[in-house]
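Engineer: Take a look at the following structure, please.
The values are calculated or read from the model by the stated rules, or taken from the named source; none is laboratory data. Here the structure is a predicted model, which is why all the values come from computation and not from measurement. Here the Cβ positions follow ideal geometry from the backbone for every residue, glycine too, while neighbour counts run over all protein chains shown. The area values use the complete protein model at the heavy-atom level, side chains included, leaving out ligands, DNA and RNA. Shrake-Rupley method; radii C 1.70, N 1.55, O 1.52, S 1.80 Å.
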There are 4 protein chains.
Amino acid sequence: MRARVDFRSDNVGAVSPEILKALESANTGPAAAYGEDDWTRHLNERFSGLFETTVTVFPVATGTAANAIALSTLTPPYGTIFCHEAAHVHTSEAGATEFFSGGAKLTLLGGAGYRLNAAELDQAVASSGRDQWHRAQPAAVSVTQATEFGTVYRLNELAAIGEVAHRSSLRFHMDGARFANALATLGCTPADMTWRLGLDALSFGATKNGGMNAEAIVVFTPELIKDLRHRLRRSGQTWSKMRFAAAQLIAYVEDDLFLRSARQANTLATQLAEGLARIPHVTVIAPVEANEVFLQVPPRAIDWLAAEGFLFSRRSPDLIRLVCRVDGSEEEIRLFLAAVQRFMERL
Amino acid sequence: MRARVDFRSDNVGAVSPEILKALESANTGPAAAYGEDDWTRHLNERFSGLFETTVTVFPVATGTAANAIALSTLTPPYGTIFCHEAAHVHTSEAGATEFFSGGAKLTLLGGAGYRLNAAELDQAVASSGRDQWHRAQPAAVSVTQATEFGTVYRLNELAAIGEVAHRSSLRFHMDGARFANALATLGCTPADMTWRLGLDALSFGATKNGGMNAEAIVVFTPELIKDLRHRLRRSGQTWSKMRFAAAQLIAYVEDDLFLRSARQANTLATQLAEGLARIPHVTVIAPVEANEVFLQVPPRAIDWLAAEGFLFSRRSPDLIRLVCRVDGSEEEIRLFLAAVQRFMERL
Amino acid sequence: MRARVDFRSDNVGAVSPEILKALESANTGPAAAYGEDDWTRHLNERFSGLFETTVTVFPVATGTAANAIALSTLTPPYGTIFCHEAAHVHTSEAGATEFFSGGAKLTLLGGAGYRLNAAELDQAVASSGRDQWHRAQPAAVSVTQATEFGTVYRLNELAAIGEVAHRSSLRFHMDGARFANALATLGCTPADMTWRLGLDALSFGATKNGGMNAEAIVVFTPELIKDLRHRLRRSGQTWSKMRFAAAQLIAYVEDDLFLRSARQANTLATQLAEGLARIPHVTVIAPVEANEVFLQVPPRAIDWLAAEGFLFSRRSPDLIRLVCRVDGSEEEIRLFLAAVQRFMERL
Amino acid sequence: MRARVDFRSDNVGAVSPEILKALESANTGPAAAYGEDDWTRHLNERFSGLFETTVTVFPVATGTAANAIALSTLTPPYGTIFCHEAAHVHTSEAGATEFFSGGAKLTLLGGAGYRLNAAELDQAVASSGRDQWHRAQPAAVSVTQATEFGTVYRLNELAAIGEVAHRSSLRFHMDGARFANALATLGCTPADMTWRLGLDALSFGATKNGGMNAEAIVVFTPELIKDLRHRLRRSGQTWSKMRFAAAQLIAYVEDDLFLRSARQANTLATQLAEGLARIPHVTVIAPVEANEVFLQVPPRAIDWLAAEGFLFSRRSPDLIRLVCRVDGSEEEIRLFLAAVQRFMERL
């Protein structure tokens, strides 16, 4: 009998009951459209409290929309955005940033642990050809927190990047598809991980952590707001019944739901990584600091695990990604570890 | 005491309980992301049944996204799209079509009853300069059904437009933000009002008729599908938890919910129009064939009605728009009519 | 024997010998590329003298490039540009402005004599929905001087438009494809017709008036320069051997060549119009204030004139455009007038 | 006394007298505009002869325009174009390809000798995620011949790339800014180096080899023509007096002028490289196969050479680029070699 244990992605998961319940609560009589309703107003207040500063929150449908449209306000069409070569905005959004920006480029950098590195960024900016009109102009830097490989920037690393950005007149953006997971790991406040480091705008993820179908752009730099509002409207990202997005996002942070959910997913990933560390001949290729585990195993093991009913994403012949979710369970971790153990022993 | 009767728009309304319930039902264990789940598969089957032909359905966040991204597959970037000068794609989407298409133009036509007219379209195409490289190239025609002013195309009118489109190698698009309202009025089938007339793609509205936060592009012409899929992904319109959009749309058409809701809204609008017809010195400026009433009254009356707590959208100093909703009531109609009557008598 | 008298357009004409000669003079030893050469430096000085203020001049290949790229710096991608419905940027540039701007719209206005009218502009701006995010945002106004129908704005008309633009925070652009013809008619200075009226940027035409293959954007508002420079480079409009464009433009204004040429073309057009006024049953439909004559004659006359070898552009079954050029002759005017006279007498 | 020997770039050079003369010859009476003239017709015939197949030639203002607009017809807006990481379209065109394509990406590859390598391309295409909607879609490959570092693809290398392109449904583009230099080196025919290898479109350079201000897109695949024509018009690249571009390009190939000029420049570069090879402690970092020499020397030598009046482009603290031109001389080579020799001896 097949296991049906699903580690494919955090976006295969269920929606937290609190969020569904919030939709029902928001379904009262008529309410003003396009974000002029009480829920959206409350969302801005709630997030301003959460971030300990006045922020403006724009709910959007997807993380790609959040990233690409936020970035389009941070660069001229002839600009370039510095990011890691593993960045989701580069690898997995079908050119959304190039499209929404009107043709801006991404300048790809390396960096250990799948994290940008302030020194490398500094050097890249220095050689990027500012004011040389043959070159795309340095405009912004984008980091992913937690990263695409489940690692987490330390605050001093982000601060160093923020310092380069500030000194080099770059706007600073964070792809926070797994913002909560990083926050749970670092144990700092949202303010500490964002505007206090110089961040201009944050793609605030919810979907991967028990959300349903709304993410948000959180803007820390007021002068960006007006431009962004118009860009979102013409990008088809301004819901008329905005309250049903706002309500989701309010519920997501209420009583620290987002943190509690992220902690749970992170804990499962840590258990998974610790278990795998005890099995010979398998390698976890990146430090597990959020809810993702990248596992190097022989191709035959991958085939066998798939045949046993385990679901995961295959990244190369001998590399798989395992993502833990708030609605996952320790039992699933045990089942998987046991299966890997079993297979490796037979080798 | 203020009335709080809300005629501002159909998108201020509540969500039909069936749709909220469907979200809960869809919230089971993990499901494949990005539309490879069972709900999205079922959505395609369900709509193929509804439209009596194989269609492909792409859920999107908003009507603007549906219109602009659908149109971007129907025109080259140097094309032009024929539409009515009152078309939502021209007046109220902040240039979304120009943006998503990469710079295509809209060629604005008149037409009685806020409807395009096949003869005028034919002439406009003839003088549009096909193959003349100084001119944007004729590429598509877009109609809104029901129109922005609450009128409804008759099937023979649409057929005539479809015939011009076919003869002139124009793609044919329908903005169906109020598709159900038009269908309820005409009493025809979805097939009769779409692909049987030569339609290539439909923006299928739900939000204005008891939906929550998902609309759809329905594609009738298979060769458009691949291009559209990639465009949607990079436009940030491909939800990872797609099932929660698919489930809404399935519930929306289940047991003809969409038609029943539209009929109710249309009926209220008709009652409103009939009542207004009996009041002297006020004019309903367009035939009420769906759920919208455009009322010409003295500016003082408008101010007074607003002060009395009636909510509506003011279109010019002496013109207001009143939109009826499935979650409106006959009592509201009575209250409004009585108020207008009262004011006009005092004049 | 056929006449081969060519009134098709001013761009069918020859290049002034002074301009070709300037190319030879510029063909000395090596010179810095991309506009850092002495000719381009001199161009800026020469035009700053001509316009009695410091201007920055960007040579470009075509008038469409000048218009569309200049306008792209004057509007956000979600903006709208007010222009006459007969404007070349709308009718004859294949959507270039929509493209280069990233999707901005053109808002078309009427206006007698094919000229915008400050009052109508004022009203259009007022109803354009500033800060309403469903609407393209009012950003700029573009006038064509001389207009597409050979009429010329008076200075007070332009000043009134400039006043509306200033008061409404619109940028102000002039399509000066026939700038010299208008200047010759008004007898004012370039400064009087441009920045003194609040103009931000001018598309400075040369090709239609004896030029070869370079036009220019003349920028009066310094803050636009940096953005424009980058936009031009990535638009493929920054010649490496820029001196051969600069040399053309310098020669074009040297010793008032541009004005002398324009006066000659205008004079021919006036003679043509005066002659036509004496012929019964033909109508010149717009005041002839530059070098274009729009003539309404019976379709049969048009066919006959074409058969006789006269070349012109046919605008509708009974309307032709006749354009006079610096390299045209009075003899050609006489031939054409005699032919029309002959045909109309036979009727 | 300073030497004023200029190796900065081939685009600092003079225009071949034959080309200037052709402009004068083309300056006869009126001629049809926008490329419907005899010169442009002849250009197409002449190039069809040159390439031994029917080609369509579109003159454009710059190499960037040629590259970016040609590529925009070879990729959908959500596509990716494979090119070398040193490719001019990536490093030096300010994002023109991203802009004109509507947001397509460039996928950067390595490759010895600054040349793409068929095997690496093959692998990159294989892992590019065709039909995966999160990924930009593989659409085209672009090679530069001669390369940005003065090396030249051998015909079998290009054929292997063409084979991958064909097998993988990629369009094949060549940036031929130094097409003639490569042709001169290989001694093959234009046909051998282009369509016989599967090329769809060629950016045909002239400016760097004695041209003035016109380059061309040469199209081998007829189905691209219509789309390209419209794109060029709206990109402001369709000159009204097209004959003055056509005449330049005709003169450029007449009597093999382009080949003779390229041979001369190549010969000078070879002499330079050979001379440098005899000087100790300086290194030519790439094989000199066209007209460019990349020289690694101590920074102090660079400063001294500059102070002596030699002009070149500095690429890094110890790397300079020296470009030889048709209007350069052996005397200049001798002067430079002597200077380097002198400096190195003093060390």
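Engineer: Contact order normalised by length for the stretch B:208-347, with contacts defined as Cα pairs under 8 Å and 6 or more residues apart; what percent is it?
Structural biologist: That works out to 23 percent.
Engineer: Run the label-point distances for B:Ala307 please: 7 Å along Cα to Cβ, every other copy, nanometres, shortest first.
Structural biologist: From this label point to the equivalent ones elsewhere in the assembly: 7.5, 8.3, 8.7 nm.
Engineer: Accessible area lost on pairing C with D, both sides, 1.4 Å probe, Å² to nearest 100?
Structural biologist: So the total buried area for this chain pair works out to about 4000 Å².
Engineer: If you place +1 on the Cβ of every Lys and Arg and -1 on the Cβ of every Asp and Glu, how big does the dipole about the Cα centre of chain C come out, in debye to the nearest 20?
Structural biologist: So the dipole magnitude of chain C works out to roughly 580 debye.
Engineer: Give the carbon-plus-sulfur fraction of the accessible surface of the stretch D:135-189 in %, rounded to a whole number; probe 1.4 Å, heavy atoms of protein chains only.
Structural biologist: Whole-percent figure for carbon plus sulfur exposure: 50.
Engineer: Using the heavy atoms of the protein chains alone and a 1.4 angstrom probe, what is the accessible area of the stretch D:244-347 per residue in square angstrom?
Structural biologist: The answer is 41 Å² per residue.
Engineer: Which one, D:Thr28, D:Val125, D:Gly162, projects farthest toward the positive side of the charge dipole computed for chain D from Cβ point charges (K/R +1, D/E -1)?
Structural biologist: D:Val125
Engineer: On to the next question. First check a/c for the protein assembly as shown, with a ≥ b ≥ c the square roots of the eigenvalues of its C-alpha gyration tensor; if it is under 1.5, answer rounded, and if not, answer prolate when a/b is larger than b/c or oblate otherwise.
Structural biologist: Taking the square roots of the gyration eigenvalues as a ≥ b ≥ c, the protein assembly as shown is oblate.
Engineer: Just check the stretch D:157-272 against the gyration tensor rule for me: Cα atoms, a ≥ b ≥ c as the square roots of the eigenvalues, rounded for a/c under 1.5, and otherwise prolate or oblate depending on whether a/b exceeds b/c. Can you show the working numbers first?
Structural biologist: Numbers: a/c = 2.35, a/b = 1.08, b/c = 2.18.
Oblate shape, in that a/c is at least 1.5 and b/c is the bigger or equal ratio.
Engineer: Follow-up. Round to the nearest 10 and report in Å² the accessible area of D:Asp37, as given by a 1.4 Å probe over the protein chains' heavy atoms.
Structural biologist: 0 Å²
Engineer: Right, here's the next one. Tell me, what is the FRET efficiency for C:Ser313 and D:Glu163 to the nearest 0.05, using R0 = 51 angstrom and their Cβ-Cβ distance as r?
Structural biologist: Result of the calculation: an efficiency of 0.55.
Engineer: Continuing with the same structure: How long are the semi-axes of the ellipsoid equivalent to the stretch D:22-166, from square roots of 5 times the Cα gyration tensor eigenvalues, in whole Å, largest first?
Structural biologist: Details: eigenvalues 213, 68, 43 Å².
Here the semi-axes work out to 33, 18, 15 Å.
Engineer: Can you sort A:Arg115, C:Arg130 by 1.4 Å-probe accessible area, starting with the largest? List each step's numbers first, then the result.
Structural biologist: Working: A:Arg115 45, C:Arg130 100 Å².
Accessible-area ranking of A:Arg115, C:Arg130, largest first: C:Arg130, A:Arg115.
Engineer: Need the C-alpha centroid separation for the stretch B:295-347 versus the stretch A:278-347, integer Å.
Structural biologist: 65 Å
Engineer: Rounded to the nearest percent, how much of the accessible area of the stretch D:230-347 (1.4 Å probe, protein heavy atoms only) is carbon and sulfur? List each step's numbers first, then the result.
Structural biologist: Working: 2250 of 4440 Å².
That fraction is 51 percent.
Engineer: While we're looking at this one, here's another question. Which entries in the list A:Lys208/B:Lys226; A:Lys21/A:Lys208; C:Lys208/D:Lys226 go over 24 Å, if you measure between the two C-alpha atoms of each?
Structural biologist: Correct reply: A:Lys208/B:Lys226; C:Lys208/D:Lys226.
Engineer: Report the calculated FRET efficiency for B:Thr28 and C:Thr28 (r = Cβ-Cβ distance, R0 = 51 Å), to the nearest 0.05.
Structural biologist: Working: r = 79 Å, r/R0 = 1.55.
The formula returns an efficiency of 0.05 here.
Engineer: Among C:Phe82, C:Ala191, C:Phe179, whose Cα projects farthest towards the positive end of the dipole of chain C, with charges put on the beta-carbon of Lys, Arg (+1) and Asp, Glu (-1)?
Structural biologist: Selected residue: C:Phe82.
Engineer: Continuing with the same structure: At what distance in angstrom do the alpha carbon centres of the stretch C:105-160 and the stretch D:31-105 lie from each other?
Structural biologist: Value for the Cα centre distance between the two parts: 36 Å.
Engineer: Mind checking which chain D residue has its Cβ closest to the axis relating D to C, and how many whole Å off it is?
Structural biologist: D:Ala61, 2
Engineer: Any chance you could give the angle, 0 to 90 degrees and rounded to 10, that helix C:38-50 forms with the longest Cα principal axis of chain C?
Structural biologist: Orientation of helix C:38-50: about 70 degrees from the principal axis.
Engineer: From the label point of D:Arg154, set 7 Å from Cα along Cα→Cβ, how far away are the matching label points in the other copies, in nm, ordered shortest to longest?
Structural biologist: 5.2, 7.6, 7.7
Engineer: Mind listing which GluC sites (Glu not before Pro) in the stretch C:26-64 are in a DSSP loop and have 15 or fewer other Cβ atoms within 10 Å?
Structural biologist: Taking the stretch C:26-64 and a limit of 15 other Cβ atoms within 10 Å, the loop GluC sites (Glu not before Pro) found are C:Glu36, C:Glu52.
Engineer: Classify chain A as rounded, prolate or oblate, taking a ≥ b ≥ c as the square roots of the eigenvalues of its Cα gyration tensor: rounded when a/c is under 1.5, otherwise prolate if a/b is larger than b/c and oblate if not. Mind dumping the intermediate values first?
Structural biologist: Working: a/c = 2.01, a/b = 1.26, b/c = 1.60.
Since a/c reaches 1.5 but b/c is at least a/b, the shape of chain A is classed as oblate.
Engineer: Angle, helix D:225-234 long axis vs. longest principal axis of chain D, Cα atoms, 0 to 90°, nearest 10?
Structural biologist: The two axes meet at around 70 degrees.
Engineer: What nm distance separates the two modelled labels at C:Thr53 and C:Gln123, each placed 7 Å from Cα along Cα→Cβ?
Structural biologist: Each label point lies 7 Å from its Cα, and together they span 3.0 nm.
Engineer: In what order, largest first, do D:Ser329, B:Ser142 sit by accessible area if the probe radius is 1.4 Å? Show your work: numbers first, answer last.
Structural biologist: Details: D:Ser329 40, B:Ser142 5 Å².
Ranked from most to least accessible, the order is D:Ser329, B:Ser142.
Engineer: Also, quick follow-up: With a point put 7 Å past each Cα toward its Cβ, work out how far A:Asn156 is from D:Ala277 in nm, to one decimal.
Structural biologist: Taking the simple label geometry, A:Asn156 and D:Ala277 are separated by 5.3 nm.
Engineer: Which FRET efficiency value, to the nearest 0.05, do you get for D:Ala112 and A:Gln132 by plugging their Cβ-Cβ distance into 1/(1 + (r/R0)^6) with R0 = 30 Å?
Structural biologist: Calculated transfer efficiency: 0.60.
Engineer: Leaving ligands, DNA and RNA out of it, rank D:Lys21, B:Lys105, D:Lys208, A:Lys226 by accessible area with a 1.4 Å probe, largest first.
Structural biologist: Descending order: D:Lys21, A:Lys226, D:Lys208, B:Lys105.
Engineer: Right, another one. Give me the dipole magnitude in Debye, nearest 20, for the protein assembly as shown about the Cα centre, with unit charges on the beta carbon: positive for Lys and Arg, negative for Asp and Glu.
Structural biologist: 0 debye
Engineer: Give me the distance in nm between label points sitting 7 Å out from Cα along the Cα-to-Cβ direction at C:Glu330 and B:Ile285, one decimal.
Structural biologist: 5.8 nm
Engineer: Continuing with the same structure: Quickly estimate the mean residue ellipticity at 222 nm for chain A, helices only: each DSSP H run with n ≥ 4 gives -39500 (n - 2.57), and the total goes over all residues, rounded to 500. Mind showing how you got there, number by number?
Structural biologist: Working: 13 runs with 140 residues, N = 347.
Result for chain A, helices only: -12000 deg cm²/dmol.
Engineer: Now, a different point. Between copies, how far does the label point of C:Asp38 sit from its twins, in nm, shortest first, when each point is 7 Å from Cα along Cα→Cβ?
Structural biologist: 3.9, 7.7, 8.2
Engineer: Moving to a separate point now. Compute the acute angle (0 to 90°) between the alpha-carbon long axis of helix B:63-74 and the principal axis of greatest extent of the alpha-carbon atoms of chain B; round to the nearest 10°.
Structural biologist: So the helix axis and the longest Cα principal axis differ by about 40 degrees.
Engineer: Rounded to the nearest 20 debye, what is the charge dipole size of the stretch C:225-339 about its Cα centre when +1 sits on each Lys and Arg Cβ and -1 on each Asp and Glu Cβ?
Structural biologist: 900 debye
Engineer: Please name the residues of the stretch C:85-99 whose accessible area, counted over protein heavy atoms with a 1.4 angstrom probe, falls by no less than 40 Å² between the chain alone and the full protein assembly.
Structural biologist: Residues meeting the cut-off: C:Ala94, C:Glu98, C:Phe99.
Engineer: Over chain A, what is the mean sequence separation of C-alpha contacts under 8 Å (at least six apart), divided by residue count, expressed as relative contact order in percent? Numbers along the way, then the final one.
Structural biologist: Values: 676 pairs, mean separation 84.6, N = 347.
Relative contact order for chain A comes out at 24 percent.
Engineer: Round to the nearest 10 and report in Å² the accessible area of B:Ser101, as given by a 1.4 Å probe over the protein chains' heavy atoms.
Structural biologist: Counting only protein heavy atoms, the figure is 10 Å².
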